[in-house]
There are 2 protein chains.
Amino acid sequence: MKLDICQQFGIDFPLFAFSHCRDVVAAVTNAGGFGVLGATAYTPEQLDRELAWIDDHVNGKPYGADIIVPAKFEGKGEALAKGDLAARIPDGHKDFVANLLTEHGIEPEATPRLGGTMLSGDTGHELLDVAMSHPIKLIANALGVPPDYMIEAGRANGVPVAALVGAREHALKQAAAGVDLIVAQGTEAGGHCGEVSTLVLIPEVLEALEAIGSDIPVLAAGGIVKGRQMAAMVAMGAAGAWTGSVWLTTEEAETAPHTVQKFLAATSRDTVRSAGRTGKPSRQLVSDWTDAWLPNEKGQKPLPLPLQSMLSEPVLRRIDTLAEQGHEGAQKLATYFVGQGVGMMNKVKPARDVVLEFIEDYLAAAQRLGESIPD
Amino acid sequence: MKLDICQQFGIDFPLFAFSHCRDVVAAVTNAGGFGVLGATAYTPEQLDRELAWIDDHVNGKPYGADIIVPAKFEGKGEALAKGDLAARIPDGHKDFVANLLTEHGIEPEATPRLGGTMLSGDTGHELLDVAMSHPIKLIANALGVPPDYMIEAGRANGVPVAALVGAREHALKQAAAGVDLIVAQGTEAGGHCGEVSTLVLIPEVLEALEAIGSDIPVLAAGGIVKGRQMAAMVAMGAAGAWTGSVWLTTEEAETAPHTVQKFLAATSRDTVRSAGRTGKPSRQLVSDWTDAWLPNEKGQKPLPLPLQSMLSEPVLRRIDTLAEQGHEGAQKLATYFVGQGVGMMNKVKPARDVVLEFIEDYLAAAQRLGESIPD
């Protein structure tokens with residue numbers, strides 16, 4: 001496409017694909033898009049191995065990495081060990097989860113295991129160093145303003161720094177912090193998201209940046225699973241699209257088969273923005289798990305980030321395993337981060353085909369809009 | 001624009017403007033768009049007067065009328081008088097409202113007045129007859145599937161029937177019922193709305209209609225206050241845009257001055273989808289009133305439609321009057337239906353200027369998208 005961002009990033013089509021699967025990242029990059037590896041869950045050693053694999057498979061084509069270093073979380077800046085954080089999880093919440101499992105025919109663990117903080121805050125610096133030792137062309141920070149050391153490392157290595165925002169005000173903060181690329185993500189997005197819809201957020205963010213004389217490119221995110229939606233965003237002034245959910249039902253993705261089946265069957269109304277997984281509102285499939293927490297009318301109030309994910313993640317992994325084995329109660333509880341676009345994810349296909357269909361659909365949309373204009 | 005819908009409706013630009021103010025309807029129609037009068041609150045006599053005024057001011061140009069006849073509401077089909085419905089409003093809810101007023105320095109009425117059902121269900125047939133006696137070019141039903149008599153009257157008079165939907169499944173029901181135009185409205189819309197965002201809903205609805213071989217035109221609604229957003233929707237395959245909120249801050253609108261000031265100051269995050277006004281989820285400005293009801297964490301559970309509006313509307317009208325007089329408590333409680341686009345409604349302007357700016361912004365968006373395509 002004839003867009004500045006294609007030149008800037010050395011790509012054919014400004015479709016950015018966030019995925020935890022290296023195969024998806026490589027496939028999108030090889031098809032002319034830009035793959036971004038979600039590295040939150042990795043140790044520095046694992047990240048090194050994954051990026052080396054990508055290097056071996058993209059033949060110098062551009063890709064990026066995404067690390068979450070949130071601006072605010074429970075215990076941040078207090079140098080707390082995991083054990084100290086664990087002590088902040090009330091027994092009432094542990095009992096609540098145990099009861100929920102029992103009601104679904106799952107024996108709760110006598111002493112519930114607690115997960116990690118789900119945040120690379122403690123290893124963020126190391127992950128960044130590892131990422132920078134590979135020829136990445138983008139480093140992204142998914143939650144809050146990137147710490148200074150990330151922006152400095154980006155400058156030093158000539159790697160653009162991207163940040164996700166869900167509100168105009170946050171975009172202005174990110175611009176002031178010096179990020180090179182803003183991903184403005186609407187409420188329909190899977191995972192952590194704000195309240196404002198993509199269709200409203202994109203023109204708002206662009207207008208706000210223009211008002212301060214900033215020309216930082218803005219990628220549109222949230223609900224985008226088709227090329228026509230991406231074209232719509234470019235028509236509004238976005239530089240391209242940032243996508244996540246649509247890759248979860250590709251052949252390359254490591255999504256659990258039971259979850260894939262749930263995705264294929266789900267409509268756009270089968271997701272909910274709930275803090276019941278991580279403590280911060282994130283969009284995921286509706287399930288008996290999400291129903292058990294606010295904002296469901298009679299739901300329990302979740303703990304703050306990262307306590308809620310320490311409590312929930314080990315349980316949800318157990319639930320996933322049981323769901324795969326056909327356990328009915330577990331299948332009712334199983335959930336996964338996904339956006340409202342899931343309603344249009346109805347077939348498993350290779351990631352490369354998704355990119356090619358995006359391009360075709362984008363071109364058709366551009367033609368449609370062009371033809372609406374009088375000569 | 002070179003779009004089928006422009007030919008079908010005899011308009012230059014497929015921007016449909018829903019407004020309760022006849023002046024807005026006439027101004028939009030005269031500027032080349034299509035004004036639609038929201039007639040829910042009118043008696044048949046009032047509607048006749050308003051439409052006659054419009055007839056006198058649009059010189060034969062096309063406009064429409066909107067009547068709400070919901071498919072389901074409390075007491076429907078039971079031939080209940082207003083008094084019978086009133087008896088279903090629990091004292092607990094009356095007390096709750098009285099306390100809320102007291103907390104805000106407003107003396108509650110000893111015997112709270114109750115409003116009408118807010119629905120033209122009881123006079124829908126008469127309103128329809130009145131509307132059809134004028135040269136309207138569209139009749140819309142904002143809630144649920146239009147009753148057979150509306151669709152038959154449309155056929156008999158050569159007037160297309162439109163219906164609003166917030167989900168793919170509802171669009172299929174409307175198509176089966178025989179409507180001529182579907183307004184697919186995303187969750188970011190002001191007033192009654194579903195959960196799915198406009199960006200996701202439009203391609204979903206179009207895909208579903210295509211799958212059943214239907215070519216009913218679909219207008220995009222929800223959050224649209226700029227021409228670039230409308231262009232985005234046309235790129236995705238929508239026939240045009242249906243708008244409401246953006247007209248509330250026009251010079252012609254009869255929006256109360258205090259409400260206009262709230263709109264101009266509001267950001268896109270200052271709205272909430274709450275059932276606290278009508279009993280059905282509708283988007284409106286956040287205020288102490290909306291905070292008092294679910295889904296706010298500690299909020300009271302609203303009554304079903306139409307009981308909640310019978311309880312709330314007289315109180316909210318009193319609140320509006322006090323707010324205009326500068327009453328601080330009332331100003332904190334005052335709310336009004338509006339979509340997330342309110343964040344970009346920052347200036348009062350003539351309705352005609354809004355239409356012209358829409359066109360200009362639409363053309364710029366089409367050019368932007370066109371230029372992204374390689375030759």
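The values are calculated or read from the model by the stated rules, or taken from the named source; none is laboratory data. Treat the numbers as computed from the prediction; the structure is a model and nothing was measured. No Cβ is skipped: glycine too gets one built from the backbone with ideal geometry, and neighbour counts run over all protein chains shown. These accessible areas exclude ligands, DNA and RNA; they are computed on the full protein's heavy atoms, side chains included. Shrake-Rupley method; radii C 1.70, N 1.55, O 1.52, S 1.80 Å.
Looking at B:232, B:253, can you tell me which residue is touching a residue at least 40 places away in the same chain (Cβ under 8 Å), of a type in the set (A, V, I, L, M, F, W, C) and away from chain A (no Cβ under 14 Å)?
B:253
If you scan region A:137-147, which residues turn out to be surrounded by 22 or more Cβ atoms within 10 Å (Cβ to Cβ) and at pLDDT 85 or above?
Result: A:138, A:139, A:140, A:141, A:146.
Out of contact with any Phe, Trp or Tyr (no Cβ under 7 Å at 6 or more places or on another chain) and more than 9 Å from chain A (Cβ to nearest Cβ): is that true of residue B:202 in this structure? Talk me through it step by step, then tell me what you get.
Details: out of contact with any Phe, Trp or Tyr (no Cβ under 7 Å at 6 or more places or on another chain): yes; more than 9 Å from chain A (Cβ to nearest Cβ): no.
In short, no.
Looking only at region A:165-175, count how many residues are within 12 Å of chain B (Cβ to nearest Cβ) and not hydrophobic (A, V, I, L, M, F, W, C).
4
Mind checking which residues of region A:169-195 are within 20 Å of residue B:283 (Cα to Cα) and touching a helix residue (DSSP H, G or I) at 6+ places or on another chain (Cβ under 6 Å)? Break it down into steps so the answer makes sense when it comes.
Residues of region A:169-195 that are within 20 Å of residue B:283 (Cα to Cα), as a first pass: A:186-189, A:193-195.
Hits for region A:169-195 are A:186, A:188.
Would you check if residue B:275 is buried (at least 18 other Cβ atoms within 10 Å of the Cβ) and either touching a Cys at 6+ places or on another chain (Cβ under 8 Å) or touching a residue at least 60 places away in the same chain (Cβ under 8 Å) (or both)? Spell out how you get there, then give the answer.
Working: buried (at least 18 other Cβ atoms within 10 Å of the Cβ): yes; either touching a Cys at 6+ places or on another chain (Cβ under 8 Å) or touching a residue at least 60 places away in the same chain (Cβ under 8 Å) (or both): no.
No, not satisfied.
Across region B:1-52, what is the number of residues that are out of contact with any Asp or Glu (no Cβ under 6 Å at 6 or more places or on another chain), within 14 Å of another protein chain (Cβ to nearest Cβ), open to solvent by less than 20 Å² (accessible area, probe 1.4 Å) and not aromatic (Phe, Trp, Tyr)?
5
Based on this model, can you work out whether residue B:178 counts as within 14 Å of another protein chain (Cβ to nearest Cβ), small (Gly, Ala, Ser) and in contact (Cβ under 8 Å) with a residue 24 or more places away in the chain?
Working: within 14 Å of another protein chain (Cβ to nearest Cβ): no; small (Gly, Ala, Ser): yes; in contact (Cβ under 8 Å) with a residue 24 or more places away in the chain: yes.
No, not satisfied.
Taking region A:206-223 only, how many residues are within 10 Å of chain B (Cβ to nearest Cβ) and either open to solvent by less than 10 Å² (accessible area, probe 1.4 Å) or of a type outside the set (A, V, I, L, M) (or both)?
4
Hey, does region A:252-264 have a residue that's more than 26 Å from residue A:101 (Cα to Cα) and touching a Cys at 6+ places or on another chain (Cβ under 9 Å)?
Within region A:252-264 (the criterion being more than 26 Å from residue A:101 (Cα to Cα) and touching a Cys at 6+ places or on another chain (Cβ under 9 Å)), the answer is yes, since at least one residue qualifies.
Mind listing whichever residues of region B:360-375 are within 7 Å of chain A (Cβ to nearest Cβ) and of a type in the set (S, T, N, Q)? Please lay out each step first, then the result.
Initially, region B:360-375 is screened for residues within 7 Å of chain A (Cβ to nearest Cβ), giving B:363, B:365-366, B:368-374.
Hit for region B:360-375 is B:372, nothing else.
What are the residues in region A:278-302 that are open to solvent by 10 Å² or more (accessible area, probe 1.4 Å), modelled with pLDDT of 95 or more and among the hydrophobic types (A, V, I, L, M, F, W, C), if any?
If the condition is that a residue be open to solvent by 10 Å² or more (accessible area, probe 1.4 Å), modelled with pLDDT of 95 or more and among the hydrophobic types (A, V, I, L, M, F, W, C), then A:286, A:292 are the ones that fit.
Check region A:314-332 and report whether any residue there is within 14 Å of chain B (Cβ to nearest Cβ) and open to solvent by 10 Å² or more (accessible area, probe 1.4 Å).
From region A:314-332, those within 14 Å of chain B (Cβ to nearest Cβ) are none; that's our starting set.
No, that holds for no residue.
Given the condition more than 30 Å from residue A:236 (Cβ to Cβ) and within 12 Å of another protein chain (Cβ to nearest Cβ), answer yes or no: does some residue in region B:269-281 qualify?
Going residue by residue through region B:269-281, those that are more than 30 Å from residue A:236 (Cβ to Cβ) are B:275-280.
From the residues that got through so far, the ones that are within 12 Å of another protein chain (Cβ to nearest Cβ) too are B:275.
The answer is yes, given that some residue of region B:269-281 is more than 30 Å from residue A:236 (Cβ to Cβ) and within 12 Å of another protein chain (Cβ to nearest Cβ).
Step by step: first the residues of region A:235-250, then only those that are closer than 30 Å to residue B:228 by Cβ and of a type in the set (Ser, Thr, Tyr), then the one that is farthest from the other protein chains (Cβ to nearest Cβ). Which residue is that?
A:243
Exactly one condition in (1) under 16 Å from residue B:98 (Cα atoms); (2) part of a helix (DSSP H, G or I) is false for residue B:363; which is it?
All conditions are met except number (1).
State all residues of region B:286-313 that are touching a residue at least 60 places away in the same chain (Cβ under 8 Å) and within 25 Å of residue B:264 (Cα to Cα); if no residue qualifies, say none.
From region B:286-313, those touching a residue at least 60 places away in the same chain (Cβ under 8 Å) are B:288-289, B:292, B:300, B:303-307, B:309-313; that's our starting set.
Within region B:286-313, B:288, B:289, B:292, B:312, B:313 meet the criteria.
For region B:338-359, does any single residue satisfy the condition of being within 30 Å of residue B:6 (Cβ to Cβ), facing another protein chain (nearest Cβ under 9 Å), open to solvent by less than 10 Å² (accessible area, probe 1.4 Å) and part of a loop (DSSP other than H, G, I, E, B)?
yes
Among residues belonging to region B:157-168 that are touching a residue at least 12 places away in the same chain (Cβ under 8 Å) and open to solvent by 20 Å² or more (accessible area, probe 1.4 Å), point out the one that is nearest to residue B:4 (Cα to Cα).
Restricting attention to region B:157-168, the residues satisfying the condition of being touching a residue at least 12 places away in the same chain (Cβ under 8 Å) are B:157, B:159-168.
In the following step, the residues that additionally are open to solvent by 20 Å² or more (accessible area, probe 1.4 Å) were identified as B:157, B:160, B:164, B:168.
On the way: B:157: 21, B:160: 14, B:164: 20, B:168: 23 Å.
The qualifying residue nearest to residue B:4 (Cα to Cα) is B:160.
When region B:170-215 is examined, which residues are found to be among the β-branched types (Val, Ile, Thr) and closer than 25 Å to residue A:339 by Cα?
Of the residues in region B:170-215, the ones among the β-branched types (Val, Ile, Thr) are B:179, B:182-183, B:187, B:196, B:198, B:200, B:202, B:205, B:212.
Listed by number, the residues that qualify are B:182, B:183, B:187, B:196, B:198, B:200, B:202, B:205.
Among the numbered criteria (1) away from chain A (no Cβ under 11 Å); (2) open to solvent by 10 Å² or more (accessible area, probe 1.4 Å); (3) polar (S, T, N, Q); (4) in contact with an Asp or Glu (Cβ under 8 Å, 6 or more places away or on another chain), which single criterion is violated by residue B:185?
Single failed check for residue B:185: (4).
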